[in-house]
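Read the structure below first, then the notes.
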Amino acid sequence: VFTSKQVIGVDIGGTSICVAAVDESGCVYAHEEFLTQAKAGFEPAVVKLAQAVMKVVSAANWSLAEVAAIGVGCTGPVDRITGTIHNPFTLPSWENKNIVTALEQATGKPVRLENDANAALIGEYRAGAGRGVDNVVMLTLGTGVGGGVLVKGCLYRGFDDSHPELGHIPVNPDGPECYCGQTGCLEILASGTALRLEAEAKGFTDGAEVFVEAARANTVAEEILDRMGYAISRAVGILAHTFLPERVILGGGVLNHENDLLISYVQSNLCDMPLARGNSVRIVPAQLGTRAGVVGAACLVLNGD
Ligand SMILES: [Zn+2]
């Protein structure tokens, strides 16, 4: 248990890394963001990370001595006991690297590692869309799809203390092949990458334009979101029947757009599932946006969930 309540949260994604000075209530005092550039290697990224830690400490008017610890949320799979990273798809050249040891040596502070989706869920639970309820499922629809499950206020963990892989719920057995060995996974059908590929194939500039056009009743855009909404609904239905959550949070970069259509689509499908308490479960968008990960990583280091 730390006496200081000032911590650093780090969120490592395939595209960018965010570092923030955060207190125990989840308040962000200063933050820094830079590109991950995973192909450039692990060691240069650790140097940049340590520099960003010093920058946010100074921008928050803190001293490094006042900082209790550093919490890192990293795109998974990660081994939070050994501190190693195992995601060659998103973080090539970081494979088996130990982020905990490297960052402890570079900063002199205790470091803890967590999966980024778990960290985002804790961020939303402490300071965002999950406040006030203890049974929550969150899906993060970004470059890939991740997720976390909160049971009675605690993160659900599996074998070897691992985090759930909610992106690989096979929602359509006839769907396209996924790199995990199954077919029709949620990630293959509803990630930001999947949306962008389908958007480009249908003549849109990117995924964001699909949301804008669907809100204007463009039928091609509506069909894309319908298919995506259907895939998310199937996954949410499975999760709702399995865990009986009070709330399901949908977050990640994909949901940063005009998401009312998608949220209400998933909500209305859930209402047809009485055994999952579909009428009582609320589907809500994440509130902290890109900051959920840093806030959650910081809260995890203080509260040790
Ligand atoms: Zn898969």
Q: Determine the principal axes of the Cα atoms in the stretch 1-139, then give the extent along each, sorted from largest to smallest and rounded to whole angstroms.
A: 39, 36, 26
Q.
Within the chain, what whole-number % of the accessible surface is contributed by carbon and sulfur, with the 1.4 Å probe and all protein chains included in the calculation?
A. 52
Q: Please work out how much length the chain gains when fully extended from LYS152 to GLU177, using 0.36 nm per residue of separation minus the C-alpha to C-alpha distance, in nm with one decimal.
A: 5.5 nm
Q) By how many degrees, 0 to 90 and rounded to 10, does the Cα axis of helix 260-270 deviate from the longest principal axis of the chain? A) 70
Q.
Which one, LEU244, LEU197, LEU64, has the greatest fluctuation when you compute a Gaussian network model over the chain with C-alpha springs under 10 angstrom?
A. LEU197
Q: Kindly state, to the nearest 0.05, the FRET efficiency for GLU66 paired with PHE159, given R0 = 41 Å and r defined as their beta-carbon distance.
A: 0.60
**Q.** Under 20 Å from the ALA215 label point (7 Å along Cα→beta-carbon), backbone N, the stretch 242-271
**A.** 250-268
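At R0 = 30 Å, how high is the FRET efficiency between ASN96 and GLU24 if r is their beta carbon distance? Nearest 0.05 is fine.
It comes out at approximately 0.35.
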Q. Tell me, what is the Rg over Rh of the stretch 121-195, with Rh the Kirkwood radius over Cα pairs?
A. 1.04
Q) When the scattering of the stretch 31-111 is computed by the Debye formula from its Cα atoms alone, each counted once and equally, what is log10 I(q)/I(0) at q = 0.19 Å⁻¹? A) -0.84
Q: Please figure out what share of the DSSP beta bridges in the stretch 30-141 is antiparallel and state it in percent, rounded to the nearest 5.
A: 40
Q. Which FRET efficiency value, to the nearest 0.05, is calculated for THR15 and SER264 with the Förster distance at 35 angstrom and r the Cβ-Cβ distance?
A. 0.75
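Just the accessible area per residue of the stretch 208-305, please: how many Å² with a 1.4 Å probe?
Per residue, the stretch 208-305 has an accessible area of 45 Å².
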Q) Bin by bin, in steps of 10 Å, what percent of the Cα pairs in the stretch 94-231 do you find, going until the bin that has the longest distance? A) 11, 29, 32, 21, 6, 1
Q: Please list 203-214, 141-152, 39-50 highest first by mean number of surrounding beta-carbon atoms within 10 Å per residue.
A: 141-152, 203-214, 39-50
Q. Pick from GLY293, GLY71, GLY14: which is most flexible by mean-square fluctuation in a GNM of the chain where alpha carbon atoms under 10 Å apart are linked?
A. GLY14
Q. Using 19 Å as the cut-off for backbone N distance, which residues of the stretch 72-99 belong to the label zone defined by a point 7 Å from the Cα of GLN37 along Cα→Cβ?
A. 90-95
Q.
Step by step: find N for the chain, compute 2.2 N^0.38 Å, then divide the Cα radius of gyration by it. What's the final number?
A. 0.98
Q. Rounded to the nearest 5, what is the percent of antiparallel bridges among the DSSP beta bridges in the chain?
A. 55
Q. Using a Gaussian network model of the chain with C-alpha springs under 10 Å, which one of ASN98, ASN87, ASN61 is most mobile by mean-square fluctuation?
A. ASN61
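The values are calculated or read from the model by the stated rules, or taken from the named source; none is laboratory data. As the structure is a computational prediction, the values presented were derived from the model and not from experiment. Because the Cβ atoms are built from the backbone with ideal geometry, glycine has one as well, and the counts that use them run over all protein chains shown. Note: areas computed on protein heavy atoms with side chains; ligands, DNA, RNA excluded. Shrake-Rupley method; radii C 1.70, N 1.55, O 1.52, S 1.80 Å.
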